1. Would the range 141-157 turn up any residue that is open to solvent by less than 50 Å² (accessible area, probe 1.4 Å), farther than 25 Å from HIS344 by Cα and not basic (Lys, Arg)?
2. Output the residue which, of all residues in the range 14-37 that are open to solvent by less than 10 Å² (accessible area, probe 1.4 Å) and in a helix (DSSP H, G or I), is nearest to GLU588 (Cα to Cα).
3. Just to be sure, is LYS80 of a type outside the set (Gly, Ala, Ser), part of a helix (DSSP H, G or I), out of contact with any Gly (no Cβ under 7 Å at 6 or more places or on another chain) and over 28 Å from TYR354 (Cβ atoms)?
4. Out of everything in the range 390-426 that is over 30 Å from VAL198 (Cα atoms), hydrophobic (A, V, I, L, M, F, W, C) and under 28 Å from the mean Cα position of the chain (by Cα), what residue ends up being modelled with the lowest pLDDT?
5. Residue check: is GLY682 under 27 Å from MET463 (Cα atoms), in a loop (DSSP other than H, G, I, E, B) and either modelled with pLDDT under 90 or touching a Pro at 6+ places or on another chain (Cβ under 6 Å) (or both)?
6. Tell me which of these LEU559 doesn't satisfy, since it passes every other one: (1) of a type in the set (A, V, I, L, M); (2) without any contact (Cβ under 8 Å) to a residue 40 or more places away in the chain; (3) open to solvent by 30 Å² or more (accessible area, probe 1.4 Å).
7. With respect to the numbered conditions (1) open to solvent by 40 Å² or more (accessible area, probe 1.4 Å); (2) in contact with a strand residue (DSSP E or B) (Cβ under 7 Å, 6 or more places away or on another chain); (3) within 21 Å of SER634 (Cβ to Cβ), which one is the sole condition not fulfilled by ARG43?
8. Considering each residue of the range 163-192, count those that are of a type outside the set (A, V, I, L, M), assigned to a helix (DSSP H, G or I) and open to solvent by 40 Å² or more (accessible area, probe 1.4 Å), and give that number.
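The values are calculated or read from the model by the stated rules, or taken from the named source; none is laboratory data. Given the structure is predicted, the values throughout are model-derived calculations rather than measurements. Counting neighbours? That spans all protein chains shown, and the Cβs are built from the backbone with ideal geometry, glycine included. Accessible surface areas use protein heavy atoms only, side chains included; no ligands, DNA or RNA. Shrake-Rupley method; radii C 1.70, N 1.55, O 1.52, S 1.80 Å.
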Amino acid sequence: MSHVLITGATGVLGSEVLKVLVTQGHTVYALVRARNESHLLARKHKLLNYLNIINYHKSIEMIKADVTQNNWGVSDKKIKTLTDKVEYIIHIAGEVKLNQNEKEAFLNNVKPVEHLLDFWTHFSQIIKIDIVTTVGVGGSSYKLLPEKFLDKEPNFHNEYEHSKYKVEKLVQDSISRGVPITIHRPSMIVGDSSTGKVQSFQVFYHLCELITGRRTQGILPHLNHRRLDIIPVDIAAQGIAAIALDINTVGQVFNIASGKENSLPLEILAKKINVIFKREGFSSKRIYHLPDLLIKKIAKLNLESSLVILKKHFNLLTNFKKYKEMEKFILSLKYIFNYLFTDHSFENCNFKKYLKTIDVKIPNVDEYLEKVIQYYIKEKYRGNTHEKTVTKSFVREVKLIEFYRDNVWPIHRQFVRHQLTPRCKKCSLSEKVSKLKGGLCEYCRKVKVEKHEVNVNVDFDKMNREMEDLMLNKIGQAPRYDALVLFSGGKDSTYMVHRLRKDWPQIRILALTVDNTFLSPLAHDNIKDVIQKLEVDHQMLRPHRDLMVKMFSYAFTHLNEEGCYGTVDRFDGDFIHDVARNVAAQLEIPLIFSGLTPTQARIILNVKGFETDRELEMSKRQMVAGIRLEKVFSKEEMQWWWNGKQWSPQRVPHMIFPFCVWNLSEEKVKSEVVKAGLIKDGQQSPLLTNYQLIPLMGLVDMAQLGYSSFEEEFALNARNGKADPVLWRNTFEIVEYSAKTGLFINHSI
């Protein structure tokens, strides 16, 4: 297997090329822009998550770089590693913006290639170099772009195209001097041919908004027979990866394009896209066609002059509320008019011939267009709007419930007692959990000793010494971080980071947030504020939504006897802890701190002291909540779950639960984070900062069990003086009343 260096590996095309290479068994060195090592790490995990190749993390080394600098901005130490190992270089990095000036385009696109041609000879194992340009090198002069270097410089639409032409002239000269280079010219990259998925929405998607009239108030040129060549990102990536590793392609030019037979006239394409938008519930714009001569005139004028001309043809004043909107509109017009006046097509014989050797075929546009546009609509329109609506609604509902719980419910409950289950007058536990006698549950009557009693015969001083000894033994031994702290943005995790920083100023912390896609908006705000105030490195890791949908859907529909607490919450907790274990093991971080309360650590994880059993940590997780994981998840998805057997004992982190040692009340933690200025008073409520599935879980439990499966935990905390029993009695009674009457069941539920 080969060692390949890629630039632009976090971009739309580069990331897919990287995926193809690592899944084929190659080792990839990815040069990435990053502010610091923490940012580099965050970018790596974000990319691995997006590509769903987390299990290939060992095959990818990300290196902090800047390709516009000498030696691409790579440190001397890393350059030595690369020059000794790298056999292939694929240069994809560049700035695709079409409004760059000449200086910017030269710096972003030409300069990196100059640097590459200066230092490539230092790579002792080098076999071949591949450089990605664009079909735009043909400018407006070539109606059919050949798969060869151009003899004559064309006219260009913009400086981006011009800069890529300059790159090809550099390459052509270098090939004549014996440098082994291949050129790749992609046309417009669109989403995956099977799923429509794409990392970011580039030129094609902006063009969709324009040719359908959505961004031009319906004003368009006559599109007529002009065609648009688009290529799915997975097809382009497979082709580039295969060509790059083939020494026989040196000196050749490949147009990574669909070709005339697989491209559509713009007029037909616009109609097809409008049909898809309409099918997805979006109205179409009425189209007004402007004469070509008028369009060419507008394209050359400034903003004010353009508006004067357009006002003569259409009453635009009624369509725009602000000057900025008009300015954006005119710029959009100029862009589309300038770009679409040439009818382009591209030879792709070399590319098609090569795809055939790897058994890949360029699909017809109709085979993938709907998937591409549906993905765009989902991510661009529905995703953001829906998410904002849900989070605003969630905050509003929680604040209303808290106000109602604290001020109205104590009176309201007097009138609806007949609908409520009796509760222990000391700890507020439901009678459906434990039979009452004299108004007390069996635990408060001491009839039954609890299996997970927290404070029975616990020597906190001894535990504290043991935890400190472990920390002293591990701090300073790791390459970069001593501790990974699970950070949710709630009061407990905030207090944990704060106290570790205060008591152990020498500890190097990486705060990790695992976003299960249901993080509270206030938790998001708290995370940003606290990380900035405490000045710790932070990483946000969000697994793909499809994985989370599968996990939560299965858990909700396969509840065990412990309800949502023992199934849904257990799946979520174990998953987050396993993600943390994987990150810590990869980065050689010896300690993980989790903010579970003593009650949670005892009841959920059966933790006896302050950390999980080492023998358990060395094993492979196979089941959660009595459910075999391989029954739910694919082999690839199983890589998210912990397998201690694949790591040496030294790389297996210690999972620590410091609240088992600190022995604090809920109110004490709340007051401390407010006092330290980390969370605003009123925003430390667990109802506000816990994830947004909690209310749903409470209602599901009431329907299935007749009580909330979280009650036992909070009743135990109340008996140990760690929680307010009246507050939680009111909370669980409101959940019960909501389940029976529909009160407070609104948008977020």
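1. Looking for residues that are open to solvent by less than 50 Å² (accessible area, probe 1.4 Å), farther than 25 Å from HIS344 by Cα and not basic (Lys, Arg), one finds none in the range 141-157, hence no.
2. The selected residue is VAL22.
3. For LYS80, the condition - of a type outside the set (Gly, Ala, Ser), part of a helix (DSSP H, G or I), out of contact with any Gly (no Cβ under 7 Å at 6 or more places or on another chain) and over 28 Å from TYR354 (Cβ atoms) - is met.
4. Of everything passing the filter in the range 390-426, VAL395 is modelled with the lowest pLDDT.
5. Taking the combined requirement at face value, the residue does not satisfy it.
6. (2)
7. Here ARG43 clears every test but (3).
8. Residues that pass the stated criteria total 5.
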